[in-house]
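The values are calculated or read from the model by the stated rules, or taken from the named source; none is laboratory data. Here the structure is a predicted model, which is why all the values come from computation and not from measurement. No Cβ is skipped: glycine too gets one built from the backbone with ideal geometry, and neighbour counts run over all protein chains shown. All accessible areas refer to the heavy atoms of the entire protein, side chains included, with ligands and DNA or RNA removed. Shrake-Rupley method; radii C 1.70, N 1.55, O 1.52, S 1.80 Å.
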Amino acid sequence: MVPPVAVSPLIKTARWSALFLGMLYGKQRLEYLKPIAEKERKTEEAEKKAREEQERIYKELSEANSDTILK
């Protein structure tokens with residue numbers, strides 16, 4: 001087995017800097033996207049309620065139309 005090679009302090013510093021910068025970027029990006037996702041979630045919830053109400057009305061109407069003497 002080959003012994004490990006000594007890594008330059010410049011490379012180590014660059015790696016750690018890239019790691020921390022990536023963490024900062026991720027945090028900022030999350031804070032930017034959070035309100036957008038919340039707005040989308042609320043919109044989808046409202047659409048789902050409207051869709052369920054329409055389905056309920058449709059079901060009631062079809063049941064009312066199916067109640068005939070010809071059964």
**Asked** Do we have any residue at all in the range 13-27 that's surrounded by fewer than 10 Cβ atoms within 10 Å (Cβ to Cβ) and among the β-branched types (Val, Ile, Thr)?
**Response** no
(message) Just to be sure before I move on: is LEU10 modelled with pLDDT of 95 or more and surrounded by 10 or more Cβ atoms within 10 Å (Cβ to Cβ) in the structure I sent?
(response) no
In the set GLU47, GLU60, GLU53, GLU31, the lone residue that is assigned to a helix (DSSP H, G or I), among the acidic types (Asp, Glu) and open to solvent by 100 Å² or more (accessible area, probe 1.4 Å) is GLU47
_Qualifying residue in the range 43-63 (condition: of a type in the set (S, T, N, Q), out of contact with any helix residue (DSSP H, G or I) (no Cβ under 8 Å at 6 or more places or on another chain) and modelled with pLDDT under 95)_ = yes
